[in-house]
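A.B. asks: Let me give you the structure first, and then I'll get to my questions.
The values are calculated or read from the model by the stated rules, or taken from the named source; none is laboratory data. These figures come from a predicted structure and were not determined experimentally. Please note: Cβ atoms are built from the backbone with ideal geometry, for glycine as well, and neighbour counts cover all protein chains shown. Please note that ligands, DNA and RNA were not included when accessible areas were found on the heavy atoms of the full protein model with its side chains. Shrake-Rupley method; radii C 1.70, N 1.55, O 1.52, S 1.80 Å.
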Amino acid sequence: MCFPEKGCKKTGTRRRAVQENTAGQLYTIEGIAAGLIMIMTAYLVVNATSVYTAGDTHISDMQLEQLGSDALNIMDTPETMNAQSELRMIINTSPPDGGAFNTIFLNLINGKAGTGNDHIQYTANYTCRTDPGDSIESHLISYSRPMTGGEHAVRVTKWVTVKPSFPFCGTTNTNRTVLAEVLIWRD
Amino acid sequence: MTDDYGTLSIDFLVGFTIFLLAFIWVISMIPGLLIGLQSYTIDYDAVAYRTGVILAEDPGWPVSPAWEAYGDPQKFDVIRFGLALSKDTPNILSQDKVNRFFSVSTTDPSVGFIYPDDYHQRAIFGDFPYSFKISLSDLTNFKVQSVGERLPDDYGYIRRVVKIKEMSYATIDNVYDTNHSYIKSGNGSASSTHVFSLLINNTKLLGEVTDPAYQIDPSREQITINITELKNLTPADVNLANVKIYKLDSGIYSNVPLPASNNPYVNGSNVRLPSSWPATAAKNVDNVTLKFNPQFIDSMKAQNSNIFIVLKFDLKDSVTGLPYSGTFLNNTQALDNLGVMNYDNLDGQKTFGNNPNSTPFDYNYNPDNVTQPKLRDGVLEVAVWSGETGIDNTSTSMGSSSTLFSDNFDAADAPAGWTVTGIADRFSGTPHDGAASIRLRDTPSDISRTISTVGYSGISFSFNMGSKINHAGRYIQAQWSSDGGISWNTVKQINNGDPEDDNDLHPFSYSLPASAGENANFRVRFIINAINPGDKAYVDNVVVGGIAD
């Protein structure tokens, strides 16, 4: 510092050199730029990705299950008050009337309001507990075509009460409740 | 000099903060990479499923009076469409609701509900302007009804299998008419006035059958009564002078005015008698059809009551126009409170209460009296998407079904043209329809026939069949084959002890799979596995139909 008693002259306003340190502003700009780049990249990546997971198949599975469940319920609903349901009559014959099941079930699940039919296939059986013996038996009712193992099938079931007049699921002809089970898939 | 090298600048802090926030946000998006983002198609399927459930499983709201009874002035009280008969009978649809739902107009509310606004508010819901198409296919009658627009390439969809409940009806034909024709309608003197009454016993109807799918409930579905062949009973002109309604509730008879909206139909007209009737009698009547709307019955609040429908016929000489005294359909002694024959001042208690001369026709669950409600198969489809595609004005029929083959076995040489095994003879005893049926009996027997379906699809197979089988394990089957008889598909089997094993004919109708059409080897067969004398089966009115390609 210049003090006049020491001989230096004050020749004018002496300005102290001011250095502006703008290095810190780069951090802000860099931060914003980096943030924008990351966000844009993530958005592009996510939008381009469409991973078909098990969660996406549940819609078509649900539609098929609903259709199969409706068809079995309708087949187990008698046409008139004192009639037997078609499903009961089919199971209540020895052997089960697969031809009738094939005709009726395919007509129900493949029928559409517009032109043309759907292409849904099935395989159906019923399961019962033997009397006497108390073991589980499964009997084929019918199928539209054999399953090859590659089909993505859904399972629908219906409990059906039968009143057989012949030895049924064992050696007795007592009334029985069996589980009708149908696997259905779309070609 | 101040040394600020160790101090983080504010700029650095701001920039680093922005970087961290963006980094955290990107990291939080990583789990989303594992989810297929197809929200719009899932949404359409979900909306279609919801609408399908509402239509197939819900009766709509309000229930009483039912929404289908609401005309345009009251339609804002309709909260929700639903086609189910009741909430206890999902997938069983009411014919009345179906008819009302598919009465559509874009401009005229007197024709039906307005498309699309009325449907969007009451079936689709939500604020998003979805486009939709709702269709119902009657698999038995080959009829399709739809409301909505043309389907685009991609849409949300659900299909439901349903039953449609047919309405019950009674046909009073010439046989009944003849057996209930009397010379008088009153107290012994010859009369040109004849009174015929019918009874709807709601207590019995609602008490004997409680399942809505098979119940006859006049307050929920229309009932129809046809009185036919009246001219066969008399050479005179028959005039329908009046119809009165009486309600018996807690022992008290009361007259219920018949509104013009429930006036009868006569002579096959599809228009009810005008409001000027009965001031001006309906003349020269051969048949009368009574159709009572459920809303009218419901308004009577007669769930625990009897309803008497009392018709007055006047006979006039066809030449002179003077009253003609003779026998005519007549089952009621219409008395006034003094016990004198007087239809115009009819007293319910005197007429129906313990009066042996009044025997109303009972609309009940006796199949000899009333054709019972029957369920037929149908398919309900709902499609939902966004964007307009134009209203679908295609025909509401899948195409007329032509009769490819029919045989009523009335011909003297029946069953000529059929291949016969065992015993199958033309039978004019009971049961038969027309002149004769075919009877299979006593030993394993069948009749079969090849019917070419080339040029046709949508094959239907209808017939009347019944049996009287006295031995367990014996049955009759109706079958069809797509390979000329190598393998058979059974559509109907009647076993010993089944309801149809009653020595009577019962109608059956089936739509067959695609393999039955376009098939020169299509074959039908009726077969009985009887081995004992006395086991019999009957077949009549065989019809094979198809839709020409």
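A.B. asks: Could you list all residues from the stretch B:235-269 that are part of a strand (DSSP E or B), farther than 13 Å from B:Lys312 by Cα and not charged (D, E, K, R)?
C.D. replies: Within the stretch B:235-269, B:Tyr246, B:Leu248, B:Ile252, B:Tyr253, B:Ser254, B:Asn255, B:Val256, B:Tyr265, B:Val266 qualify.
A.B. asks: Specify the residue that is nearest to the other protein chains (Cβ to nearest Cβ); the eligible residues are those in the stretch B:194-215 that are open to solvent by 30 Å² or more (accessible area, probe 1.4 Å) and hydroxyl-bearing (Ser, Thr, Tyr).
C.D. replies: B:Thr210
A.B. asks: Continuing with this model, one more query. Going through B:Lys301, B:Lys291, B:Lys312 one at a time, which residue ends up being out of contact with any helix residue (DSSP H, G or I) (no Cβ under 9 Å at 6 or more places or on another chain), on the phi < 0 side of the Ramachandran plot and not acidic (Asp, Glu)?
C.D. replies: Numbers: B:Lys301 fails: on the phi < 0 side of the Ramachandran plot; B:Lys291 fails: out of contact with any helix residue (DSSP H, G or I) (no Cβ under 9 Å at 6 or more places or on another chain).
Exactly one residue qualifies, and that residue is B:Lys312.
A.B. asks: Which of the residues that make up the stretch B:494-505 are crowded, with 20+ Cβ neighbours inside 10 Å and either farther than 17 Å from A:Gln84 by Cβ or in contact (Cβ under 8 Å) with a residue 40 or more places away in the chain (or both)?
C.D. replies: Answer for the stretch B:494-505, where residues must be crowded, with 20+ Cβ neighbours inside 10 Å and either farther than 17 Å from A:Gln84 by Cβ or in contact (Cβ under 8 Å) with a residue 40 or more places away in the chain (or both): B:Ile494, B:Leu505.
A.B. asks: Please find, within the stretch B:38-49, the residue that is most open to solvent (accessible area, probe 1.4 Å) out of those that are more than 7 Å from chain A (Cβ to nearest Cβ) and modelled with pLDDT under 85.
C.D. replies: Filtering first and then ranking leaves B:Tyr40.
A.B. asks: Same structure, new question: Condition test on B:Ala530, is it of a type outside the set (Val, Ile, Thr), in a loop (DSSP other than H, G, I, E, B), open to solvent by less than 10 Å² (accessible area, probe 1.4 Å) and modelled with pLDDT under 90?
C.D. replies: When the stated conditions are applied, B:Ala530 passes them.
A.B. asks: Something else: Keeping to the stretch B:533-549, report how many residues are closer than 28 Å to A:Met81 by Cβ and either part of a loop (DSSP other than H, G, I, E, B) or in contact with a helix residue (DSSP H, G or I) (Cβ under 7 Å, 6 or more places away or on another chain) (or both). First the steps, then the outcome.
C.D. replies: So in the stretch B:533-549, the residues closer than 28 Å to A:Met81 by Cβ come out as B:535-543, B:545.
Of the ones still in play, those that are also either part of a loop (DSSP other than H, G, I, E, B) or in contact with a helix residue (DSSP H, G or I) (Cβ under 7 Å, 6 or more places away or on another chain) (or both) are B:535.
Residues in the stretch B:533-549 being closer than 28 Å to A:Met81 by Cβ and either part of a loop (DSSP other than H, G, I, E, B) or in contact with a helix residue (DSSP H, G or I) (Cβ under 7 Å, 6 or more places away or on another chain) (or both): 1 in total.
A.B. asks: A further question follows. Can you tell me which of A:Ser94, A:Ser138, A:Ser142, A:Ser165 is at pLDDT 90 or above and within 12 Å of chain B (Cβ to nearest Cβ)?
C.D. replies: Checking each option against the conditions leaves just A:Ser142.
A.B. asks: While we're on this one: Which one is farthest from the other protein chains (Cβ to nearest Cβ), of the residues in the stretch B:216-229 that are in contact with a Leu (Cβ under 7 Å, 6 or more places away or on another chain) and not in a strand (DSSP E or B)?
C.D. replies: Restricting to residues being in contact with a Leu (Cβ under 7 Å, 6 or more places away or on another chain) and not in a strand (DSSP E or B), the top hit is B:Asp217.
A.B. asks: Identify the residue in the stretch B:453-478 that is of a type in the set (S, T, N, Q) and either in contact (Cβ under 8 Å) with a residue 60 or more places away in the chain or open to solvent by less than 10 Å² (accessible area, probe 1.4 Å) (or both) and, among all such residues, is farthest from B:Phe405 (Cα to Cα). Give the steps one after another, and end with the answer.
C.D. replies: First, pick out the residues of the stretch B:453-478 that are of a type in the set (S, T, N, Q): B:453, B:457, B:460, B:462, B:464, B:467, B:470, B:477.
Checking which are either in contact (Cβ under 8 Å) with a residue 60 or more places away in the chain or open to solvent by less than 10 Å² (accessible area, probe 1.4 Å) (or both) leaves us with B:453, B:457, B:460, B:462, B:464, B:467, B:470.
Numbers: B:Thr453: 10, B:Ser457: 14, B:Ser460: 11, B:Ser462: 10, B:Asn464: 15, B:Ser467: 23, B:Asn470: 32 Å.
Checking each candidate, the answer is B:Asn470.
A.B. asks: Moving on to the next point. Residue check, A:Gln121 against (1) surrounded by 16 or more Cβ atoms within 10 Å (Cβ to Cβ); (2) polar (S, T, N, Q); (3) at pLDDT below 85, all met but one. Which one?
C.D. replies: Status for A:Gln121: all satisfied but (3).
A.B. asks: Enumerate the pairs (first residue in the stretch B:111-139 and free of Cβ contacts under 8 Å to residues at least 12 places away in the same chain; second residue anywhere and open to solvent by 10 Å² or more (accessible area, probe 1.4 Å)) with beta-carbon separation below 7 Å, excluding pairs fewer than 6 apart on the same chain, so at least 6 apart or on different chains.
C.D. replies: As it stands, the answer is B:Val111/B:Ser103; B:Val111/B:Ser105; B:Ile114/B:Ser105; B:Ile114/B:Thr106, since those pairs meet every condition given.
A.B. asks: Can you pull out the residues in the stretch A:67-86 that are in a helix (DSSP H, G or I), of a type outside the set (D, E, K, R) and facing chain B (nearest Cβ under 7 Å)?
C.D. replies: Those that are in a helix (DSSP H, G or I), of a type outside the set (D, E, K, R) and facing chain B (nearest Cβ under 7 Å): A:Leu67, A:Ala71, A:Asn73, A:Ile74.
A.B. asks: Considering only the stretch A:115-166, state which residues are over 30 Å from the mean Cα position of the chain (by Cα) and at positive phi.
C.D. replies: A:Gly133, A:Asp134
A.B. asks: While we're here: May I ask you to verify whether B:Ser94 is touching an Asp or Glu at 6+ places or on another chain (Cβ under 9 Å) and modelled with pLDDT under 85?
C.D. replies: no
A.B. asks: Here's another thing I want to ask about it. Being open to solvent by 50 Å² or more (accessible area, probe 1.4 Å), within 14 Å of chain A (Cβ to nearest Cβ), part of a helix (DSSP H, G or I) and not basic (Lys, Arg): is that true of B:Ser515 here?
C.D. replies: On the way: open to solvent by 50 Å² or more (accessible area, probe 1.4 Å): yes; within 14 Å of chain A (Cβ to nearest Cβ): yes; part of a helix (DSSP H, G or I): yes; not basic (Lys, Arg): yes.
Criteria met by B:Ser515.
A.B. asks: Can we say B:Gly497 is part of a loop (DSSP other than H, G, I, E, B) and away from every other protein chain (no Cβ under 14 Å)?
C.D. replies: In short, no.
A.B. asks: Can you tell which of A:Asn110, A:Asn92 is polar (S, T, N, Q), in contact with a His (Cβ under 8 Å, 6 or more places away or on another chain) and either free of Cβ contacts under 8 Å to residues at least 12 places away in the same chain or surrounded by 18 or more Cβ atoms within 10 Å (Cβ to Cβ) (or both)?
C.D. replies: Being polar (S, T, N, Q), in contact with a His (Cβ under 8 Å, 6 or more places away or on another chain) and either free of Cβ contacts under 8 Å to residues at least 12 places away in the same chain or surrounded by 18 or more Cβ atoms within 10 Å (Cβ to Cβ) (or both) holds for just one of A:Asn110, A:Asn92, which is A:Asn110.
A.B. asks: Here's another thing I want to ask about it. Would you tally the residues in the stretch B:335-377 being open to solvent by 50 Å² or more (accessible area, probe 1.4 Å), in the same structural domain as B:Asn255 (by TED's automatic domain parsing) and among the charged types (D, E, K, R)?
C.D. replies: 2
A.B. asks: Would you point out the residue of the stretch B:270-290, among those that are of a type outside the set (A, V, I, L, M), part of a loop (DSSP other than H, G, I, E, B) and surrounded by 12 or more Cβ atoms within 10 Å (Cβ to Cβ), that is nearest to the chain's Cα centre (by Cα)?
C.D. replies: Ranking the candidates gives B:Arg272 first.
A.B. asks: Please tell me if B:Thr332 is of a type outside the set (Gly, Ala, Ser), open to solvent by less than 10 Å² (accessible area, probe 1.4 Å) and assigned by TED's automatic domain parsing to the domain that holds B:Pro264.
C.D. replies: yes
A.B. asks: Could you list, in sequence order, the residues of the stretch B:223-262 that are of a type in the set (S, T, N, Q) and open to solvent by less than 50 Å² (accessible area, probe 1.4 Å)?
C.D. replies: Result: B:Thr224, B:Asn226, B:Thr228, B:Thr234, B:Asn239, B:Asn242, B:Ser254, B:Asn262.
A.B. asks: Looking only at the stretch B:135-150, decide whether some residue is more than 22 Å from the chain's Cα centre (by Cα), within 11 Å of chain A (Cβ to nearest Cβ) and in a loop (DSSP other than H, G, I, E, B).
C.D. replies: Scanning the stretch B:135-150 turns up at least one residue that is more than 22 Å from the chain's Cα centre (by Cα), within 11 Å of chain A (Cβ to nearest Cβ) and in a loop (DSSP other than H, G, I, E, B).
A.B. asks: Quick one: is B:Ile172 crowded, with 18+ Cβ neighbours inside 10 Å and either within 30 Å of B:Gln372 (Cβ to Cβ) or modelled with pLDDT under 85 (or both)?
C.D. replies: In short, yes.
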